[in-house]
Amino acid sequence: MANAISTIHEQKANTLSYEEVYRCGYNLVIHKCGDRLYEGVKDLIRKHLESEVETKIVPILGIAETSPSEGVQILKVVQKIWSHHTTCLIMIKEILVHMDRNYVQQARKPRSYDMGLALFRDTVVRSPSNQIENHLRTVMLAQIALERKGEVIDRGAVKSCSDMLLDLKEENSVDSVYISVFEGAFLESGREFYRVESEDLVRRFDPPEYMRKVENRLDEEQQRCSHYLSEKTGPKIQLIVEKEMIENQIRNVIEMENLGLRQLLVNNRLDDLDRMYRLFSRVPSGAKELQAGVSEYIKECGKAINTNVKASSVENVEKGVSTGVALALRWVQEVLDLKERFSTILASSFAKNKAFETTIDSAFDSLINLNAKAPEFISLFIDNKLKKDFKGKSDDEVENILNKTTRLFQFLSDKDVFERYYKQHLSNRLLHGKSLSDETERAMITKLKIECGFQFTSKLEGMFTDMRLTTDTMTSFREFLGKTIESPPFDMNITVLTSTYWPVPSAPVSCNLPADFLAATKIFERFYTSRHSGRKLTWHASMGNVDLRATFTTRKHELNVSTMAAMVLLLFNNVPEGESLTYSMIEQETGLPTENLKRTLQSVACGKFKILIKEPKSREISDTDTFKFNAAFSEKLSRIKIQTIASKVESTAELKETQEKVDDARRHVIEASIVRVMKNRKTLDHSNLVTEVISQLQGRFHPAPSLIKKRIEALIEREYLERAPGDRTVYNYIA
């Protein structure tokens, strides 16, 4: 048997008789000499391996110490010995089949093949006197270091050694020798290499180039592990690259002045942002850092937009220029453009990640609600689009703009404030026939209904109902006039509004209507009350308009003016040519409040079309001014529309007044919500009641807990609720 094994080691197995050698092993086992056979084979293999080490490996060990790059020869020699050894083990295993099946199982020892592998591990790799494993590790790491520097290495030699270490198992363990001998050192050397390289690269390159190099390193390590190391090592070394080159450098990359995150966003570098997102998402803190940077940039942009609009507003006020609408449109358009840009970035660079989408939305929420006039500005923007901007646009373009604008509306925390402005602007469009399309108007209301529910848009839909009923009313009124001897001295068109739907003043503007106007209103009142008993009509002169035929020296013009402007202009029919009326005389005759009168006079005497001549010439109206008819007025257009001069964007005082009205309306809404909750729950503690009320109302506005507390106190005083006996934080509903 000993001669047979030696012959196998000498690569002369073809001279052996397999049957004779097999029977030799068989006889030894059945004659109870299995132990002698097992140990004898083990001793022969060990001696052979020791001889191989001394004659083939030891002579070249010095090469690795003097030149690590040439140490690859050691890998080749060891691999050759390993290959020959495993081939011999397969032959030895075949002639010791009976021993492996019987003696080995009974003695609970490793099979001959596994025993041979263990001998190679302990005799060659872990040679007690030659430290071969250290040389192997050193050479493999040196080869990898050379490849990382861009040099070409013998991958086949490294792979053979790596495969050998993977095949060798630790004693009494499933772990391979690869892990204990090589992998730990490989990972540690990689950690140091990438720590140094990351610090060097971040100093030398801008973020886009740095990220490209990081991406390349990750690919290289993945390929390295796939091609000649262990695939299980791949995720481990990638974690190290990610830690050293990404996680530890996140702040440096984001905050770098030259093409850091901010500059990438400013320049819309979608590919670089995509790479940054993919790389940063690989580390735990990366996505959050990137989200924080994006959020901060959006808020900076929002602050700049708000500041610029505010500065422009102050500048125009100082110059005496009213550009409120233009500023509102500019603000909304800039916010829309910014939102569109980040929608593109989200889709192209952030893979439509929900967390990034939430971050972007949160930043826009903050941006929009920092502007106290945002509800008014958005309503003005929609108003402008629905009046004239949609002219000539396709249905898809209109739908796209409405969707984008509705998206801004979603961010508003005070949707009830927006509703107040939208109702006012819709009212003006409907009453003055400025809306381009009822279909588009209804499409916008449908979108608002989807966002906030039926209650939010019920009054807006009621306004359309009134306009439809008005058409029927005027048809009936004209039939009525045909059957009566009374008729107004001019054509008239009356719009009957339901006071709860429309944003009409609680009390009409006081004025002295001309006699013909009064006569016409009386005729309509008799008609209307005969058909609708119990209804009260209130005439709002501030909301109407009149067509006047005016004769000037050179030609006649048809003037479309407000009802209040018509009252002022008609006074000059009774004034001799060239004579004037003082401000106080006009005020006495019309009975208009000071604010309304001055605004009306500005529109006809200080605007683009000066129907009246004011003395002295100035934009502001004072109590000492005088006015006369401008007989020399001339204009190419035969029909002229003169709008009342008014700031379309509310002043600070008007904004405050609007907020007070909103707060007053909110008190009722909060109380109604409290009663609904308590009627359903009967008994509830304070904190849960506040939470439920906020939950119910957050779609319209965000009520402060302190305000809810005040409304609870008011309901207790009015005996809708009571405090529970013995616990003041619990409330009971009083039926």
**OP:** Identify all residues within segment 429-459 that are over 15 Å from Lys391 (Cα atoms) and of a type in the set (S, T, N, Q); write none if there are none.
**Re:** Thr446, Gln455, Thr457, Ser458
Original post:
Within the set of pairs 6 or more residues apart or between chains, which connect a residue that is in contact (Cβ under 8 Å) with a residue 24 or more places away in the chain inside segment 465-486 to a residue that is assigned to a helix (DSSP H, G or I) with Cβ atoms less than 7 Å apart?
Top reply: Met467/Leu430; Phe477/Phe524; Phe477/Phe527; Phe480/Phe527; Glu486/Ile523
Original post:
Of all residues in segment 590-605, which are surrounded by fewer than 17 Cβ atoms within 10 Å (Cβ to Cβ) and touching a residue at least 24 places away in the same chain (Cβ under 8 Å)?
Top reply: Gly591, Pro593
Original post:
Out of the residues in segment 356-384 that are under 8 Å from the mean Cα position of the chain (by Cα) and not hydroxyl-bearing (Ser, Thr, Tyr), which is farthest from Leu436 (Cα to Cα)?
Top reply: Phe356
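Quick grid of which residues meet (1) buried (at least 17 other Cβ atoms within 10 Å of the Cβ); (2) assigned to a helix (DSSP H, G or I); (3) modelled with pLDDT under 95; (4) among the charged types (D, E, K, R):
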| site | (1), (2), (3), (4) |
| --- | --- |
| Arg262 | yes, yes, yes, yes |
| Pro284 | no, no, yes, no |
| Ala287 | yes, yes, yes, no |
| Glu300 | no, yes, yes, yes |
| Ser312 | no, yes, yes, no |
| Glu318 | no, yes, yes, yes |
| Leu327 | yes, yes, yes, no |
| Glu334 | yes, yes, yes, yes |
| Ala351 | no, no, yes, no |
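Taking segment 90-104 as the search range and keeping residues that are surrounded by fewer than 19 Cβ atoms within 10 Å (Cβ to Cβ) and either among the charged types (D, E, K, R) or in contact with a Lys or Arg (Cβ under 6 Å, 6 or more places away or on another chain) (or both), which one is nearest to Glu20 (Cα to Cα)?
Ranking the candidates gives Glu94 first.
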Subject >> Which listed residue, of Val174, Val152, Val181, Val125, is among the β-branched types (Val, Ile, Thr), modelled with pLDDT under 95 and within 47 Å of the chain's Cα centre (by Cα) >> reply: Val152
**OP:** Kindly indicate whether Phe186 is touching a Lys or Arg at 6+ places or on another chain (Cβ under 7 Å), in a helix (DSSP H, G or I) and not assigned by TED's automatic domain parsing to the domain that holds Gln79.
**Re:** no
Original post:
Do you know which residues across segment 216-241 are assigned to a helix (DSSP H, G or I), more than 19 Å from Met276 (Cα to Cα) and basic (Lys, Arg)?
Top reply: Arg224, Lys236
**OP:** Just give me the residues in segment 530-544 being out of contact with any Cys (no Cβ under 7 Å at 6 or more places or on another chain) and among the aliphatic types (A, V, I, L, M), in sequence order.
**Re:** Leu537, Met543
**OP:** Of all residues in segment 711-726, count the ones that are in contact (Cβ under 8 Å) with a residue 40 or more places away in the chain and within 13 Å of His686 (Cα to Cα).
**Re:** 3
**OP:** Looking only at segment 609-647, count how many residues are under 26 Å from His432 (Cα atoms) and without any contact (Cβ under 8 Å) to a residue 12 or more places away in the chain.
**Re:** 1
Original post:
Conditions: (1) in contact with a Phe, Trp or Tyr (Cβ under 7 Å, 6 or more places away or on another chain); (2) of a type in the set (Gly, Ala, Ser); (3) over 29 Å from Arg269 (Cβ atoms). Ala374 meets all but one. Number of the miss?
Top reply: (1)
**OP:** Within segment 471-498, track down each residue that is within 45 Å of the chain's Cα centre (by Cα) and either under 30 Å from Ile586 (Cβ atoms) or assigned to a helix (DSSP H, G or I) (or both).
**Re:** Thr495, Leu497
**OP:** Starting from segment 110-138, take each residue that is within 25 Å of Ile8 (Cβ to Cβ) and list its partners that are hydroxyl-bearing (Ser, Thr, Tyr) and part of a helix (DSSP H, G or I), counting only C-beta distances under 9 angstrom and pairs at least six apart or across chains.
**Re:** Ser112/Tyr38; Tyr113/Thr86; Met115/Tyr38; Gly116/Thr86; Leu117/Thr86; Phe120/Thr86
Subject >> Number of positions in segment 171-186 that are surrounded by 15 or more Cβ atoms within 10 Å (Cβ to Cβ) and not polar (S, T, N, Q) >> reply: 8
Original post:
When residues of segment 187-216 are filtered for being buried (at least 22 other Cβ atoms within 10 Å of the Cβ) and over 30 Å from the mean Cα position of the chain (by Cα), how many remain?
Top reply: 3
Original post:
Is it true that some residue in segment 420-437 is over 22 Å from Thr470 (Cβ atoms) and part of a helix (DSSP H, G or I)?
Top reply: yes
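The rows are residues; the columns are (1) touching a strand residue (DSSP E or B) at 6+ places or on another chain (Cβ under 7 Å); (2) in the same structural domain as Met140 (by TED's automatic domain parsing); (3) exposed (fewer than 14 other Cβ atoms within 10 Å of the Cβ); (4) not in a helix (DSSP H, G or I).
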site	(1), (2), (3), (4)
Lys32	no, yes, yes, yes
Pro59	no, yes, yes, no
Val77	no, yes, no, no
Cys88	no, yes, no, no
Gln106	no, yes, yes, no
Lys109	no, yes, no, yes
Original post:
Tally time: how many residues in segment 189-215 are touching a Gly at 6+ places or on another chain (Cβ under 9 Å) and assigned to a helix (DSSP H, G or I)?
Top reply: 1
Subject >> Unique match (being surrounded by fewer than 19 Cβ atoms within 10 Å (Cβ to Cβ) and among the hydroxyl-bearing types (Ser, Thr, Tyr)) among Thr123, Thr138 >> reply: Thr138
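The values are calculated or read from the model by the stated rules, or taken from the named source; none is laboratory data. Everything quoted here is computed from the prediction, not taken from an experiment. Note: ideal-geometry Cβ built from the backbone for every residue, glycine included; neighbour counts use all protein chains shown.
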